1. How about region 111-180: which chymotrypsin sites (Phe, Trp or Tyr not before Pro) there lie in a loop by DSSP and see at most 14 other Cβ atoms within 10 Å?
2. Applying the Karplus parametrisation 6.51 cos²θ - 1.76 cosθ + 1.60 with θ = phi - 60° to the phi angles of region 76-82, what ³J(HN,Hα) value in whole Hz is obtained for each residue in order, glycine and proline being reported as x?
Amino acid sequence: MRVVSLAAAVLALLLLPPHGFARGRRNPPPPKPPPEARGRRKAPLNQQLGPAPLEQLRRMSPEERQRFLNSLPPGRRANIERRLNNYENLPPQEQQRLQRTYDRFRQLPPEQQNAIRQGFRSFGQLPPDRRQALREEMRNLRSMTPADRRKRISSREFQNQYTPEEQQIMNQMTQLAPNR
């Protein structure tokens, strides 16, 4: 169970846009840049580091990683450090599985990537008991063949058990499920 929640946290690190890390932060907004720098925006984390930010962070020397992390706002930095540590504490086979999932995600068209990100954001806003119910159902759905998954989703039991919003969240979040 803990591996699943750690995996979800790492996957969220990989899938959420950088502004998702700062949500809920109480720090004041950063000062406005000088006039000559206005109009230039700092690239998001995944653009600063390239297509596989977690992997690149892991490959940095301790000094490079520290310099990069020091450049981040405190809340975002703590969140990334925690998720990176969680990832590094996973068994190698779980890290490989997450990397394959991320690679599949990166190959999706941008609109599908955005739908999956939206699913993660919506999932995070659900009450804890509903998140747990959806987490268990998604684990079940991911273990199914695509045909069995479609059959389960279209079943009356499934539709009665989950709200339309919850069904949409699960649909968005299971797009990367392996085709077994």
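We did not get these values from a lab; they are worked out from the coordinates using the rules stated. These figures come from a predicted structure and were not determined experimentally. Cβ placement follows ideal geometry from the backbone for every residue including glycine, while neighbour counts extend to all protein chains displayed.
1. Answer in residue order: no site qualifies.
2. Result, rounded to whole Hz: 5, 4, 4, 5, 5, 4, 4.
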